[in-house]
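Engineer: Following this message is one structure expressed as structure tokens.
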Amino acid sequence: MFLSNIMHAQKRINYDKYFKLKIPEPSDICLHKSGNSVFIVSDRGRIYETDFEGKILRASEQKPYDFEGITFTGGNELFVVDEEKNIICMYNVAALKINDIFRTEIKTSPKSGIEAICEIQDGKILAITEKDPVEMFVYTYDFDLLERKKPKVPKDISAACFYKQRLWLLSDEDSAVYLMKDDFITIEKTWKIPFSGAEGIAFTKDGVLMVVSDKTETLYLFSANNFN
């Protein structure tokens, strides 16, 4: 394996709490700008706003999309990716309605489309394909392509978030959280998590890691002490 000679810190961690979700096939999570709630997307084309125990506060209308990733932008909007159509929907946060739809030039297979999205520093958007290969695409807010990267990860990428000016990635197949180096290509640290189907990742303002599992339809919380 091409990573066999790359050395980085690895640690196994366990969750402190978990909450069963009443959301079918949850596929990603992001923190509300206020820090007081989260948004969770479903493969079945809906966005849910919930509290930190997964209680549903409100939900969008169902759309004919396979939503896989979500991010809250500095412009007070939600960007949501559809894996099958390779499109990015821009939602108004207040109304939870689609304001615009962007079509990307990313060429992927039907089962390995855009899987993750997050806003990064300088107001740029990062979109990532799942596997075969894993590729990163850096966009402007208008989705003009700025840069492409190929991160060196063992298997797949199922979600991404940008926390404390660092890129964090989630792997479903590897059941792992990766902290990437500033080049976004190389893994700096790995935390192995004790469940499969990990599809969504976000941090609270206090540094608690939130991971959503599609397989168990559960929200897991990991103490901030794991990442000090």
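The values are calculated or read from the model by the stated rules, or taken from the named source; none is laboratory data. No experiment lies behind these values; they were computed from the predicted model shown. Here the Cβ positions follow ideal geometry from the backbone for every residue, glycine too, while neighbour counts run over all protein chains shown. With ligands, DNA and RNA removed, areas are computed over all heavy atoms of the protein, side chains included. Shrake-Rupley method; radii C 1.70, N 1.55, O 1.52, S 1.80 Å.
Engineer: Please report the carbon-and-sulfur percent of the accessible area for the chain; probe 1.4 Å, protein heavy atoms only, DNA, RNA and ligands left out.
Structural biologist: Ligands and nucleic acids excluded, carbon and sulfur reach 46 percent.
Engineer: With +1 on each Lys and Arg Cβ and -1 on each Asp and Glu Cβ, and nothing else charged, work out how big the dipole of the chain is about its Cα centre, in Debye to the nearest 20.
Structural biologist: Dipole of the chain, to the nearest 20 debye: 560 debye.
Engineer: Also, I was wondering about something else. With a 10 Å cut-off between alpha carbons and a GNM built on the chain, which of A59, A95, A202 moves the most?
Structural biologist: In this elastic network of the chain, the residue with the biggest mean-square fluctuation among A59, A95, A202 is A95.
Engineer: Here's another thing I want to ask about it. Work out from phi, with θ = phi - 60° and the Karplus expression 6.51 cos²θ - 1.76 cosθ + 1.60, the ³J(HN,Hα) of each residue of segment 146-157, listed in order in whole Hz, and give x for Gly and Pro.
Structural biologist: With the stated coefficients, segment 146-157 comes to 9, 6, 10, 9, 10, x, 8, 10, x, 9, 10, 10 Hz.
Engineer: Can you give me the Cα centroid spacing of segment 194-228 and segment 53-84 in angstrom?
Structural biologist: 18
Engineer: Out of I40, F52, G113, whose Cα points farthest toward the positive end of the dipole of the chain (charges: +1 Lys, Arg; -1 Asp, Glu; placed on Cβ)?
Structural biologist: Checked the options; the winner is F52.
Engineer: What are the aspartates and glutamates whose alpha-carbon lies under 18 Å from the alpha-carbon of K149, with same-chain residues fewer than 8 places away excluded?
Structural biologist: Within the straight-line limit of under 18 Å, K149 reaches these aspartates and glutamates: E105, E115, E119, D122, E130, D132, E135, D182, D183, E188.
Engineer: Also, quick follow-up: Can you tell me how segment 59-214 classifies by the Cα gyration tensor, rounded, prolate or oblate, using a/c under 1.5 as the rounded cut?
Structural biologist: rounded
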